[in-house]
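Quick notes on the structure that follows.
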Amino acid sequence: MDITLAQPARARLITAENQELPVPATLRYLSVDPLAVHVDFPPEVALDGEGATWTFARGLLEEGLAGPAGSGDVHLWPCGSDRTVVELHSPYGMALLQFDTAALRRFLLRTYAVVGAGSEDVGAAVEQGLTSLFGSV
């Protein structure tokens, strides 16, 4: 059975002027893609007026809750005991967001209740990835 978890989350966008602006987000997990987590942002907060989804490894989320983690487009690290910073890089620039650590941890634990760590069906995830890359070639 395919299970989808969705959890609303409030993020704070840190601006270049060091202001914090509230940004709605939804944390999402799909049992058919067990190694990934998704963060959805609504159209009203995107530069192009379309919703944006960032997808990264569930293991990266777990690492980033404990200490600095990530390379490439997504980096995470704790900011005190109550907040976790998520840094997102795109061709359009960089966004620095803070999330409540408790909300991220709660979401992560919910994902492990659906698909336990180490029991992910990697074969199905690889097949899905190849299909999305190459279609029905």
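If you take all other residues with their beta carbon under 13 Å from the beta carbon of residue 71, and give Lys and Arg +1 and Asp and Glu -1, the sum is -3. Using the Cα coordinates of segment 38-85, the gyration tensor eigenvalues translate into equivalent-ellipsoid semi-axes of 23, 12, 9 Å, sorted from longest to shortest.
Largest mean-square fluctuation among 30, 21, 61, in a Gaussian network model of the chain whose springs join Cα atoms under 10 Å apart, belongs to 21.
With the simple model of a label 7 Å out from the Cα in the direction of the Cβ, residue 66 to residue 131 spans 3.3 nm.
Springs between Cα atoms under 10 Å define the GNM used for the chain, and in it the highest mean-square fluctuation of 112, 92, 29 occurs at 92. With 0.36 nm allotted per residue and the present C-alpha distance subtracted, the residue 44-residue 15 stretch has 8.8 nm of extension available. Dividing the convex hull volume of the alpha-carbon atoms in the chain by its residue count gives 132 Å³ per residue.
Compared with the alpha-carbon gap, the fully stretched path from residue 73 to residue 55 is longer by 5.5 nm at 0.36 nm per residue. Among 44, 87, 17, the largest mean-square fluctuation in a Gaussian network model of the chain (Cα springs under 10 Å) belongs to 17.
A short reminder: the numbers here are calculations on the coordinates, not readings from a lab. Because the structure is a prediction, the values reported are computed rather than measured. Using ideal geometry, Cβ is built from the backbone for each residue, glycine included, and neighbour counts are taken over all protein chains shown.
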